[in-house]
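Here is the structure we will look at, set down as C-alpha cells.
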C-alpha cells in the first residue's frame, strides 16, 4: 500500500469535487457523469478519448452500484423496463468499447449532441406547458443498444440518450431515472472489462481515484433526490442539463 503515500492528495481534490458534483447530478437526473468527466479528462488533463472512457467506466462500476442500491431502496426502479434497456445496453457497450479501442468515433459526436440538445429543449417545453401525463414508452430496446454504444465510444451518453428519449415518449420521470441509473451498473462493468481486455492497465489514470472518491460520496444521495423532487421540476432540470451539456460539447468539438 506504499503507493498511496506517493499520491499528491492536494492535486486530487479538484477531481474529488468534480466526481462528487457529477455523480450528484447523475444520480438525481439520470445523466451527465460520463459527459462531465470525459470532458474534464480529455480537455483539461489531456488523456486520449479511449483512456478517458476506460477510466470513467472503471469509476462508474462502483458509483453506479452505490447509486443503483439507493434507487432500489427508494423504489425508483421499474423492474419490467429494467431488462429491456439493460441487456441491449450491455451489447451496445461491448461493441462501442471495441470500436473506440481501434477507431476514433468522435466524428459523429457533434451530430448526436445536436439531437440531444433538441430533445432537451423539447423536455423544457413539456415541463413549462404544464401537466405531465405519463405514458408507456414503445421504443425501448433500440435506445439501450444505441445508448450503450455511444456511452462506451464517446465516454458518456447512456443517460442522455436513454433517459431523455424515454421521457420524450412519456415515461414517468422518477422511475425512468432510477431504472436507467440502476441498469447502468451492468453496462459500466461490462465496458470496463472490455477496455481492460483490449487496453490493459494503460486504460486507467491516477485522476480516476479522485473522481471515484467524490462519486462514491455522492452516489447514495441520488435516489433520495429523484424520489422527492416533483415530476415537472425534474423534467425541467433534465431538459436544462441536457441542452447545456450538449451545446458545450458541440462547441468544444467544433473549435
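Just so it is clear, none of the values below were taken in a lab; they were calculated from the coordinates. The model shown is predicted, which means the values in this text are computed figures rather than measured ones. Heads up, the Cβs are rebuilt from the backbone with ideal geometry, glycines too, and the neighbour counts pull from every protein chain shown.
Quick rundown of the values:
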| quantity | calculated |
| --- | --- |
| In nm, spacing of pseudo-spin labels at residue 99 and residue 232 (7 Å Cα→C-beta vector) | 3.9 nm |
| Theoretical gain in end-to-end length, residue 168 to residue 91 [0.36 nm per residue, Cα-Cα removed] | 25.4 nm |
| Potential extension, residue 252-residue 136 segment - 0.36 nm per residue separation minus Cα distance | 38.2 nm |
| Extension reserve of the residue 118-residue 75 stretch, reckoned as 0.36 nm per residue once the Cα distance is removed | 12.5 nm |
